[in-house]
Amino acid sequence: MKLHRLLLPAAALAAALTTNAGDNQLTDAEKSEGYVLLFNGKNLDGWEGRPEFWSAKGGAICGKSTADCIPQKNTFCIYKGGEFADFELHVKFKFVPGDEKGFANSGIQYRSKVVEPGYCVVGGYQADFEAGKSYSGILYEERGRGILAKRGQKVVIKEGGDPKNPKKPNIEVTGSVGDSDAIQATIKPGEWNDYVVIAKGNHLQHFINGKQTVDVTDETAVGAKSGIIAFQIHKGPPMQACFKDVKIKKLK
């Protein structure tokens, strides 16, 4: 598949552009390229999440659980402004464990769908990140097929698989986009990091801090071609995940 001419340098370009703009703002160059902001930096207008976990503070969308308020299941802050098919999404994220266990797991949902409206539960593709050293950058399918690409992998997801376990996908690893440990070394715990997600047709790419983390071609019929965007806060020990500079460009 031929990629859009700006895809590969996107993360580096975004970093340069963001340097010249304030938080939750677009540069003139980004505006001319067709980027739009999904978060106004002030409140959760246009977003929906359970208020005991989600709020807008310090110019960011923050999901936080405490020892006294733990989600019983993964819950999400959902963008309500429509679905997206082919796009280039840029988000800054920061994650902080809430206790001595050091747990923090979250992610950016895309081409997803709401499966439990009352608890704001979402299923679909997820650009994962965590406080540990294994999962940041992977492609995970929430409420679906699980891990579709580990960090550093270039994969093709094919029809078929285990007939006794329909959720177990048929994944062929076709190459590498980088060393997993080297990618991990660029991620800054407790600080802001840049995440880029590119989805075009059945081709999906993730980048963190300018490093490509996965390259996935999903050839299956169940691979979503459009859907919503949302942010996750994971069930389990207390944690906080924050997101800002949420900007997206639709790809032709």
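The values are calculated or read from the model by the stated rules, or taken from the named source; none is laboratory data. Everything numeric in this text was worked out from a predicted model, so none of it was measured. Cβ coordinates were reconstructed from backbone atoms using ideal geometry, including for glycine residues, and neighbour counts include every protein chain displayed.
General observations
- Unmet requirement for Phe103, which otherwise passes all of (1) outside any strand (DSSP E or B); (2) farther than 24 Å from Gly58 by Cα: (2)
- Any chance Gly137 is small (Gly, Ala, Ser) and touching a Gly at 6+ places or on another chain (Cβ under 9 Å): yes
- Subset tally (residues that are farther than 24 Å from His234 by Cα and surrounded by 14 or more Cβ atoms within 10 Å (Cβ to Cβ)) for segment 26-39: 6
- Just so you know, in segment 137-156 the residues that are under 16 Å from Gln184 (Cβ atoms) and among the charged types (D, E, K, R) include one that is surrounded by the most Cβ atoms within 10 Å (Cβ to Cβ), and it is Arg151.
Every residue, every condition in (1) modelled with pLDDT of 95 or more; (2) assigned to a loop (DSSP other than H, G, I, E, B); (3) of a type outside the set (Phe, Trp, Tyr), yes or no:
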{"position": "Gly118", "(1), (2), (3)": "no, no, yes"}
{"position": "Ala127", "(1), (2), (3)": "yes, no, yes"}
{"position": "Gly137", "(1), (2), (3)": "yes, yes, yes"}
{"position": "Arg151", "(1), (2), (3)": "yes, yes, yes"}
{"position": "Lys168", "(1), (2), (3)": "no, yes, yes"}
{"position": "Glu172", "(1), (2), (3)": "yes, no, yes"}
{"position": "Gly178", "(1), (2), (3)": "yes, yes, yes"}
{"position": "Ala182", "(1), (2), (3)": "yes, no, yes"}
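- Pairing residues of segment 16-29 that are under 15 Å from Lys244 (Cβ atoms) and part of a loop (DSSP other than H, G, I, E, B) with residues that are at pLDDT 90 or above and of a type in the set (Lys, Arg), at Cβ distances under 7 Å and at least 6 apart in sequence or on separate chains, gives Asp23/Lys244; Asn24/Lys244; Leu26/Lys247.
- Selection of segment 50-64 for residues being buried (at least 20 other Cβ atoms within 10 Å of the Cβ) and not in a strand (DSSP E or B) yields only Phe53.
- Filtered residue count, segment 65-101, keeping only those that are crowded, with 17+ Cβ neighbours inside 10 Å, among the charged types (D, E, K, R) and more than 16 Å from the chain's Cα centre (by Cα): 0
- Residue match in segment 45-56 (condition: aliphatic (A, V, I, L, M) and either touching a residue at least 40 places away in the same chain (Cβ under 8 Å) or in contact with a helix residue (DSSP H, G or I) (Cβ under 8 Å, 6 or more places away or on another chain) (or both)): no
- Pick from segment 112-136, criterion small (Gly, Ala, Ser) and within 18 Å of Ser226 (Cα to Cα), ranking: surrounded by the fewest Cβ atoms within 10 Å (Cβ to Cβ): Gly123
- Residues that are in a loop (DSSP other than H, G, I, E, B) and of a type in the set (Lys, Arg), drawn from segment 31-49: Lys42
- Identity of the residue in segment 218-252, more than 22 Å from Glu48 (Cβ to Cβ) and among the hydrophobic types (A, V, I, L, M, F, W, C), that ends up surrounded by the most Cβ atoms within 10 Å (Cβ to Cβ): Leu251
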